[in-house]
Structure formats: C-alpha cells, structure tokens
C-alpha cells in the first residue's frame, strides 16, 4: 500500500498508473459531518497495488488526465456520487465501468459492493466504517485496511460482471447508461441550486401558506449556524423540528420548549433566542416572495395533456416489458426508466428526435426506434 500525502506523491502515482489498462477507483468524503462535503480520501488500485491519497493535504490536479475520458478504464462502484465530487474540484470523471450499474442491468437484486463481492467472488469485506468521519488524521491501521479493501477487489468484480454482460450482449447498454449518469452528475456539480434553504426541505410543498414565512426564517437561521459550525444542517436541528416550529409559531421560550426537539441538544439549546426572533420576523414578513412561491408550485399540465402523456408512458412501459421478456434481459436494458419518462414527455416523432433524448443511444434507435415510436403514437384512431 502506498500513502500519498503531497502533490508530488499524487503526480508520481498518476504517472505510474497512466499506462495501465484499468484502475479501480473510489473516494471518501465527509458529507455526513460537514456543512459542505469535500473529498477526504481517494483510493486507486491496479495490478495488485493500492494507493491511498490524502485529499485533505495533497493537491489532486495531477489526477485529471488519469481519471478523465482519455485515461485508462476506471472501475467504480456507483459513478454518480464520485463524479459529482470530482467535478466540484474541476476533475471530470470519464471512461468508467460501473460495477453497481452492471449488476443492476444483469438483473441482480442486491447491488451493494459488499454483497456483490461476496456473491460473485466469495470475498467478505468489512463495511463497518461506512459512516466514518474521513477527516480524522492520522489514518489508523483499521481505516487504511478498510480504504484498501474498497478497491482491492474491484478489478476482479469487473471481470466477472463484464464477462456476464458480454455473454448477455448488454455492454453497449451499460456503457450508454454509465455515460448518462456521469454527464448528469457532472452537470449537477456545476449548477448552483437557486432555492433558499426552506424550499429544499422535503415536504415543503405541503406546508400551509401561513406557515411558510416562519419556516423560511427558521431554516435560514439553521443554515447560517450549520455553515458557522461546518456541520450538516440536520445535525443542528432536524427538518421535522423546523416544520413543527413553523406550525406552532412559538412566541416565548416556554412555547418553544413545548415543540419536541426545538431546544434539545447543545446546538439547538444555544439557538433558542435566534429561533424565537426568526419566528417573530416570519410573522411580520407576510407572504413569501413571489419568486420563491413559484419554486414551490409544481408544474401543472392541462388534464388532456397529462392524460395523453400518461398514456404514452404506459404504452412504452408495456412494450418495454414485452421486449425485455423476449430478449431475456432486465427492462432497464431495453430502455432506462428516465428515457421512458422523457420520451413520453417530449413525444419524439422521428428517429432523430428519439436519438436526441439523453441516454437512449444510437444503438437503441437502430434496434428499437420504430417500435418505440409506434408505442408512443398509440393505436390508430
């Protein structure tokens, strides 16, 4: 095992691995513990050698060519998260084999790394550190062992899954979906979410209008405190507590204490006066701004349009089910779910329009294009 803690160590590792055909890759972040997740560790493995890169002390720029589209194949288990994290530091991930996706398209019901390593290779790995805070330094022996195990067997797992995918003749489908997931992950990393904190809370669209101004203010208080402490927002006060405060609208400390969780724990207890002030400000604010109200409103289609769209989706799904059964493959191989939804919404009328839908791929248009278009069109009147 090689531990790289400086930029020159990373450059040396990148140069050493540039000529190999395939590199196992993984990364660990501090997303459960920090206000904004950052890359803490990167693990690379090739030809039986594992390199652990300390993302907190070493510059990662030298990895760009290795991890990019023109570098060797990267064997990754679930590319989306890793691609987004790397894109945030200016390193686009490309040319990947996703073992999680391959297992899913092969019809395997359990696609977790630990499960697949055991079922496909008979290898048991310790996953007890999945929720470890990877900011901790120095690395302890058990942490290094865990990090190495996450990449040590990925190449062998890729061999097994890719061989099965080749026999099943679904490698093109796996590659296309991998590119789609990489693209959407990278795009999400470079697009700033314009929504204020309260609009991001799950279930906010069901909150009564009278409660929204208070929720808006108390969520902003939590966000500022989370950023100041550099912890995940839910570790300051949970979403359910914010929703309860907005509903109760407490005016006094006694009333705030009656809201379950609002004053429990050291962080919440220190924010009681700020929360009460936020409630008062919310009550004085009046309705939320129009531009924020628009963010809460779900787009509504005319009933006839929505009905037609549902019909197209139902017909394509029915066709997909029959096509998958005839071919003996998973339905996602024939046409991924996101493509079904997009096709039903866009309603392409030609092969070119169908091919323009992200993730469909030219090979699917050639094989299934006319059938998909007929399914979208529906029976003749």
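The values are calculated or read from the model by the stated rules, or taken from the named source; none is laboratory data. All figures in this text were calculated on a predicted structure; none of them were measured in a lab. Cβ coordinates were reconstructed from backbone atoms using ideal geometry, including for glycine residues, and neighbour counts include every protein chain displayed.
With over 21 Å from residue 103 (Cα atoms), outside the structural domain of residue 181 (by TED's automatic domain parsing) and surrounded by 15 or more Cβ atoms within 10 Å (Cβ to Cβ) as the only criterion, which of 361, 369 stands out? Before the answer, list the steps.
Values: 361 fails: over 21 Å from residue 103 (Cα atoms).
The conditions single out 369.
Does residue 80 satisfy the criteria of being touching a helix residue (DSSP H, G or I) at 6+ places or on another chain (Cβ under 8 Å), within 20 Å of residue 180 (Cα to Cα) and either touching a residue at least 12 places away in the same chain (Cβ under 8 Å) or not assigned by TED's automatic domain parsing to the domain that holds residue 138 (or both)? Let's see the steps before the verdict.
On the way: touching a helix residue (DSSP H, G or I) at 6+ places or on another chain (Cβ under 8 Å): yes; within 20 Å of residue 180 (Cα to Cα): yes; either touching a residue at least 12 places away in the same chain (Cβ under 8 Å) or not assigned by TED's automatic domain parsing to the domain that holds residue 138 (or both): yes.
It is true that residue 80 is touching a helix residue (DSSP H, G or I) at 6+ places or on another chain (Cβ under 8 Å), within 20 Å of residue 180 (Cα to Cα) and either touching a residue at least 12 places away in the same chain (Cβ under 8 Å) or not assigned by TED's automatic domain parsing to the domain that holds residue 138 (or both).
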Report yes if residue 352 is outside the structural domain of residue 108 (by TED's automatic domain parsing) and more than 28 Å from the chain's Cα centre (by Cα), otherwise no. yes
Can you report the number of residues in the stretch 221-244 which are within 24 Å of residue 37 (Cα to Cα) and not in a loop (DSSP other than H, G, I, E, B)? 16
Are there any pairs with C-beta distances below 7 angstrom linking a residue in the stretch 264-282 that is assigned by TED's automatic domain parsing to the domain that holds residue 221 and without any contact (Cβ under 8 Å) to a residue 24 or more places away in the chain to a residue that is assigned to a helix (DSSP H, G or I) and surrounded by fewer than 15 Cβ atoms within 10 Å (Cβ to Cβ), with the two at least 6 apart or on different chains, and if so which? 272/253
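Which ones in the stretch 298-335 are within 30 Å of residue 220 (Cα to Cα) and in contact (Cβ under 8 Å) with a residue 12 or more places away in the chain?
Taking the stretch 298-335 and keeping what is within 30 Å of residue 220 (Cα to Cα), we get 298-300.
Listed by number, the list holds a single entry, 298.
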Filtered residues of the stretch 165-194 (kept if surrounded by fewer than 18 Cβ atoms within 10 Å (Cβ to Cβ), in contact with a helix residue (DSSP H, G or I) (Cβ under 6 Å, 6 or more places away or on another chain) and either modelled with pLDDT of 95 or more or closer than 30 Å to residue 329 by Cα (or both)): 171, 172
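With respect to residue 218, determine if the residue is in contact (Cβ under 8 Å) with a residue 40 or more places away in the chain, outside the structural domain of residue 90 (by TED's automatic domain parsing) and in a helix (DSSP H, G or I). Give the derivation first.
Values: in contact (Cβ under 8 Å) with a residue 40 or more places away in the chain: yes; outside the structural domain of residue 90 (by TED's automatic domain parsing): yes; in a helix (DSSP H, G or I): yes.
Yes: the conditions hold for residue 218.
How many residues does the stretch 25-79 hold that are assigned to a strand (DSSP E or B) and over 16 Å from residue 4 (Cα atoms)? Even if it seems obvious, please write down each step before you answer.
Going through the stretch 25-79, the residues assigned to a strand (DSSP E or B) turn out to be 25-29, 39-46, 49-54, 73-76.
Next cut, over 16 Å from residue 4 (Cα atoms) only: 29, 73-76.
Number satisfying all stated conditions: 5.
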Can you name every residue in the stretch 120-136 that is surrounded by 14 or more Cβ atoms within 10 Å (Cβ to Cβ) and either under 27 Å from residue 325 (Cβ atoms) or without any contact (Cβ under 8 Å) to a residue 12 or more places away in the chain (or both)? 120
If you go through 298, 310, the only one that is surrounded by fewer than 15 Cβ atoms within 10 Å (Cβ to Cβ), closer than 23 Å to residue 360 by Cβ and touching a helix residue (DSSP H, G or I) at 6+ places or on another chain (Cβ under 8 Å) is 310
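Okay, residues lined up against (1) more than 17 Å from the chain's Cα centre (by Cα); (2) surrounded by 14 or more Cβ atoms within 10 Å (Cβ to Cβ):
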{"position": "6", "(1), (2)": "yes, no"}
{"position": "12", "(1), (2)": "yes, yes"}
{"position": "16", "(1), (2)": "yes, yes"}
{"position": "21", "(1), (2)": "yes, no"}
{"position": "24", "(1), (2)": "yes, yes"}
{"position": "27", "(1), (2)": "no, yes"}
{"position": "36", "(1), (2)": "no, no"}
{"position": "39", "(1), (2)": "no, yes"}
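Which helices (runs of 4 or more DSSP H) does the stretch 97-213 wholly contain that include 2 or more residues that are over 20 Å from the mean Cα position of the chain (by Cα) and outside the structural domain of residue 51 (by TED's automatic domain parsing)? Give the derivation first.
Working: elements: 99-105, 113-116, 141-152, 154-167, 171-189.
Output list is empty.
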